[in-house]
Each structure stands twice: as structure tokens, then as C-alpha cells.
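Reading through the C-alpha cells given below for one structure.
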């Protein structure tokens, strides 16, 4: 088999991350149109990911967040995005490099992207303390459990957040 010196796989991956960057940039500038909402799964310990030690303990391998009604200060940069979310009534600031993202799903239009993160370096000690949110904060956004951690019972609903199992959106 011939050697791929052009690395089409890398070009395609980078182009798809560009789609994700563009969608998040538009959401940051104009909000989410219609029924659009995003499920974003990322590697919790990937290099550049910054989440509180509390969240890292709860989601040590990967974490899925939902951007719908209850997020704030979405900022998109060339290599990462930052967003404010609330977990169990505690406001948090998450920093997620695009290279750490495993999947992106917009279930309102049945669109999804999956990324190979096998080459993502994991680092320890990149977590942050919980960051307080501004005083004019929207209600909390849910963190979802992945299929691997979905067996744990969900805590009672506090502040309007809801833990959502991704299995509900999969075709049977």
C-alpha cells in the first residue's frame, strides 16, 4: 500500500474541527437559533482541558456537556472554546481545546461529528478550582453521563439541571 504523504486524514479532521469552531463562534455571537443545541464530549484529562478538580473527580475519563439554554460567556478561539456552566448549582468555567473533543452532536437536526482522540496527550494537574460566575447567570446546564458511566443513579434535580442519557437519542 502506498504511503500517504499528504495526510488526508489530518486534513479532513482539521476541516471538521473548523466546522465545529464555526458553529460555536456563531452560537457565541448570535445565540442558538431555533431548536439547535449541542452535546459535546471531550477527554477530561487531555492537555489544555481546564475543569475543576470536583468535575475531574466526577468525570475522570470523559465528559459530555450540553449547550442549550443554560450556558454563558461562550468564547471561541482558534484552538479551544471556553464556556460557563453550572453543575449542581455550582458555577464553573470550562476550557476545552478542540483537539480534546471526541464528539459533537446537534440532535435537533440529527447531525454529529466524531473525532479520533487516540493521539491526545493526557496530563495531570491541569484542573482548576471552581470559578465563580458573574451575578447575572442563567440557570444551570446539565452534564450528561456517557454510556460507560450511565449506570450510576442521577442526583435529584437542583436548579433546573437535568442529566441526560445519550442512549435516548440513539436509534434502536
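The values are calculated or read from the model by the stated rules, or taken from the named source; none is laboratory data. As the structure is a computational prediction, the values presented were derived from the model and not from experiment. FYI the Cβ positions are ideal-geometry reconstructions off the backbone, even for glycines, and counts take in every protein chain you see.
Laid out as a table, the results:
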read-out: When residues of the stretch 69-96 are limited to those that are surrounded by fewer than 21 Cβ atoms within 10 Å (Cβ to Cβ) and free of Cβ contacts under 8 Å to residues at least 24 places away in the same chain, the one farthest from the chain's Cα centre (by Cα); value: 77
read-out: Strands (runs of 3 or more DSSP E) completely within the stretch 75-132 that count 3 or more residues being at pLDDT below 95; value: none
read-out: Residue count for the stretch 21-41, restricted to those that are farther than 15 Å from residue 77 by Cβ and surrounded by 11 or more Cβ atoms within 10 Å (Cβ to Cβ); value: 7
read-out: Single residue of the stretch 15-68 satisfying the filter (in a helix (DSSP H, G or I) and under 12 Å from the mean Cα position of the chain (by Cα)) that is farthest from residue 81 (Cα to Cα); value: 20
read-out: Hey, residue 18 exposed (fewer than 15 other Cβ atoms within 10 Å of the Cβ) and on the phi > 0 side of the Ramachandran plot or not; value: no
read-out: Selection status of residue 45, free of Cβ contacts under 8 Å to residues at least 12 places away in the same chain and either closer than 16 Å to residue 99 by Cα or in contact with a strand residue (DSSP E or B) (Cβ under 8 Å, 6 or more places away or on another chain) (or both); value: no
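Matching residues to (1) out of contact with any helix residue (DSSP H, G or I) (no Cβ under 7 Å at 6 or more places or on another chain); (2) farther than 19 Å from residue 104 by Cβ:
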residue	(1), (2)
13	yes, no
17	no, no
22	yes, no
29	yes, no
53	yes, yes
59	yes, no
71	yes, no
75	no, no
85	yes, no
